[in-house]
Structure formats: structure tokens, C-alpha cells
1. Among the residues of segment 100-119, which ones are under 17 Å from V12 (Cβ atoms), surrounded by 22 or more Cβ atoms within 10 Å (Cβ to Cβ) and either over 10 Å from the mean Cα position of the chain (by Cα) or hydrophobic (A, V, I, L, M, F, W, C) (or both)?
2. Give the residue that is least open to solvent (accessible area, probe 1.4 Å), with candidates limited to residues of segment 154-164 that are assigned to a helix (DSSP H, G or I) and either acidic (D, E) or in contact (Cβ under 8 Å) with a residue 40 or more places away in the chain (or both).
3. What number of residues within segment 90-99 satisfy the criterion of being over 10 Å from N179 (Cα atoms) and open to solvent by less than 10 Å² (accessible area, probe 1.4 Å)?
4. Identify the single condition in (1) closer than 14 Å to S171 by Cβ; (2) surrounded by fewer than 22 Cβ atoms within 10 Å (Cβ to Cβ) that E79 does not satisfy, given that it satisfies every other one.
5. Only one of V138, V169 is in contact with a helix residue (DSSP H, G or I) (Cβ under 7 Å, 6 or more places away or on another chain) and over 22 Å from T116 (Cβ atoms). Can you tell me which?
6. Note down all Cβ pairs under 6 Å where the first residue falls in segment 7-23 and is charged (D, E, K, R), the second is surrounded by fewer than 19 Cβ atoms within 10 Å (Cβ to Cβ), and they're at least six residues apart or on different chains.
7. Restricting to segment 166-184, name every residue that is in contact with a Leu (Cβ under 8 Å, 6 or more places away or on another chain) and either open to solvent by 20 Å² or more (accessible area, probe 1.4 Å) or in a loop (DSSP other than H, G, I, E, B) (or both).
Amino acid sequence: MSTPVHDFTTVVPKWVPYVTPVRLDAASPEQLEAMKVTPSNTKVSDYVLTLAHDPESLAVRSPLFNAIMYGTDGLSRAERELGAVGASIVNRCVYCAAVHSSRYNQLTKRTDVMETIFAGGTAAELDDHSQAIFDFAVALSTTPSQATSDHVEALRNLGLSDLEMVDLVLSAAIFGWANRLMHTLGEPVAA
């Protein structure tokens, strides 16, 4: 029996589904298309294989996720990752927080922001730039109405454009959804 992971860390735990994932060698053509599986694929995550039970939704989810998190215009990749971490902290999604804090650290070449967030949670005290982004993502993820004009003003004061602010909304929002999927379909366990 694996031990569930409950503490935030940049070490990505293993995610174990409650639902038996689709077997790649037994997947339907629709499932393979939704997963974008090619003959060279040797490993598809258990999370994607679990989502493949509903290929119609997965076929829409993956391109949307990729457009939000890897778009080339607007908010930087690191800032999108910070928004994802803010949502994941609120939703207590240890797996997503680990994946996206680790990516943030790789992109920024610094660990202090994530260490401070993991130590302080939603009350973490960060540099002004990171604070405004994190606070907005936390407020939006807690209850959308908690994201106020003060949060928007703080983002504007950083020089964020409307597009960058929309990207932040999208990165936090998609993780509100993704975190809930992760929680209901499986759990993170020590690797």
C-alpha cells in the first residue's frame, strides 16, 4: 500500500488513479486520437490514460490546456506556473503544486518563491511582482468574487497588459478544474 502525500514540495509524487486507466495497447482509435498517440509513444501518463475514458472531452482538454499554459503571447511561462501554483495551494492539490512549482523553479532558476509559498501557504509574503500574481490567483481560486479591483490594480501597477491578466485568469481557472479532476480520479503517493 502506498502512502498518500499531503505536504507541498517540488518533488513530484506519483499519481495513482482510483479508476483503472485505459490500456494503451487496447485503446480505441478515438482514444488514441484524443491522446495524440503516435507509433513512437512509449509512455502516456496514467492521468491521461484515465481521462481517455472520455475521449471527446480529452480531445478538447489537452489543446486548451496547452494553449493556456504554453501560449507564446501574453503572460510569461513562469508567471503562468505561479498562477497554477496559487490555485493548487488553495485547492490542496499536492501533485499539481509539485509539478508547477518545479517548472517555475526551472524557468526562473530560483527556488525562494516556492519555498516561501510552501512555508506560508496563501499568506506567503513575496516580492511585489510575485505577490500580486500569487494573490490574484489565490483570490480567484478561493472564490472568484474575492478577486477584486484592488488585485487588478496591483497587476496593472506591475505593467501587466489586459492579455497578460486574462492569461493569469485562465492559468488559475484551468487549475481549479484540473485540481478537482486530480482529487476525484486519484491521489498522489510517495514514489
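1. Y104, M114, I117
2. Applying the first criterion (assigned to a helix (DSSP H, G or I)) to segment 154-164 yields 154-157, 162-164.
Checking the rest, the ones that are also either acidic (D, E) or in contact (Cβ under 8 Å) with a residue 40 or more places away in the chain (or both) come to 162-164.
Values: D162: 94, L163: 86, E164: 42 Å².
Checked segment 154-164; the qualifying residue least open to solvent (accessible area, probe 1.4 Å) is E164.
3. Going through segment 90-99 one residue at a time, the tally reaches 1.
4. So the condition that E79 fails would be (2).
5. The unique qualifying residue is V169.
6. K14/V189; K14/A191
7. Those that are in contact with a Leu (Cβ under 8 Å, 6 or more places away or on another chain) and either open to solvent by 20 Å² or more (accessible area, probe 1.4 Å) or in a loop (DSSP other than H, G, I, E, B) (or both): V169, A173, L181.
The values are calculated or read from the model by the stated rules, or taken from the named source; none is laboratory data. What you see is a predicted model; the values in this text were computed from it and never measured. Here the Cβ is made from the backbone with ideal geometry for all residues, glycine too, and neighbour counts use every protein chain on show. Calculation scope for accessible area: heavy atoms of the full protein, side chains included, ligands and nucleic acids excluded. Shrake-Rupley method; radii C 1.70, N 1.55, O 1.52, S 1.80 Å.
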